[in-house]
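Written below as structure tokens is the structure these notes are about.
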Amino acid sequence: MSARQIIYTLFIIVTASAGAVAMFSCDNNVVYHSYRHTIITGWEKNDTLSYSVPPLREPGRYRQSVGLRINNTYPFTSITLVVKQDIFPGKRSKTDTIKCQFSDAKGYRTGHGVNYYQYDFPLKDIDLRRGDSLQISIQHAMKREMLPGISDVGIKIFE
């Protein structure tokens, strides 16, 4: 094989690999994905995290999840969150309370990461019409007023 053929073969392999990575790493069905930062020293009970989802292009049943990033200063094995969703222009409202478990039965963190752990927890599916927008708010519902160790809370909506 000549040097030119080797270079051409390598070019084809690199191009095909890049195309495959791009094709499988894209998540085209995500319509909204955003995180809000909390103060790592303590997320206060009355601190509401807000997310504004712009009007949707397509009607349908959408899946949802809440993402959390925590570190080892978080003192509990779970957290309870209240997720309120106001749908406009129909002025419909929906509230879910979810318990997010961070550790297994032996107390080991089950999230992905080393210093910070990433978790994703499903929310109930939501039926939306074309042009609907959402105002989403998330608060913690723990007895303790200040929760240290939570760095980010996110919302993801996808088809």
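The values are calculated or read from the model by the stated rules, or taken from the named source; none is laboratory data. The structure displayed is predicted, hence computed values, not measured ones. Neighbour counts run over all protein chains shown; Cβ positions are idealised from the backbone, glycine included. Areas reflect the complete protein model, heavy atoms only, side chains present, ligands, DNA and RNA absent. Shrake-Rupley method; radii C 1.70, N 1.55, O 1.52, S 1.80 Å.
Things worth noting here:
- Qualifying positions in segment 114-123 - surrounded by 14 or more Cβ atoms within 10 Å (Cβ to Cβ) and not hydroxyl-bearing (S, T, Y): F121, L123
- Residues in segment 138-151 that are open to solvent by less than 30 Å² (accessible area, probe 1.4 Å) and either without any contact (Cβ under 8 Å) to a residue 40 or more places away in the chain or in a strand (DSSP E or B) (or both): I138, H140, L147, I150, S151.
- Scan of segment 1-57 for residues that are modelled with pLDDT under 90, within 30 Å of G131 (Cβ to Cβ) and among the charged types (D, E, K, R), ordered by number: D27
- Test: residue in segment 100-114 that is more than 15 Å from Y62 (Cβ to Cβ), outside any loop (DSSP other than H, G, I, E, B), at pLDDT below 95 and of a type in the set (F, W, Y): no
- From G111, G67, residue being surrounded by 14 or more Cβ atoms within 10 Å (Cβ to Cβ) and touching a Gly at 6+ places or on another chain (Cβ under 6 Å): G67
- When residues of segment 82-91 are limited to those that are open to solvent by 80 Å² or more (accessible area, probe 1.4 Å) and out of contact with any Ser or Thr (no Cβ under 7 Å at 6 or more places or on another chain), the one modelled with the highest pLDDT: P89
To keep it simple, each residue is scored yes or no on (1) within 18 Å of Y32 (Cα to Cα); (2) under 15 Å from the mean Cα position of the chain (by Cα); (3) part of a strand (DSSP E or B); (4) not small (G, A, S).
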residue	(1), (2), (3), (4)
L56	yes, no, no, yes
K124	yes, yes, yes, yes
G131	yes, no, no, no
K156	yes, yes, yes, yes
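- Residue list for segment 48-64, restricted to those being touching an Asp or Glu at 6+ places or on another chain (Cβ under 8 Å) and open to solvent by less than 70 Å² (accessible area, probe 1.4 Å): L56, G60, Y62, Q64
- Looking at I126, I79, I98, just one residue is farther than 28 Å from I40 by Cβ and open to solvent by less than 30 Å² (accessible area, probe 1.4 Å), and that residue is I126.
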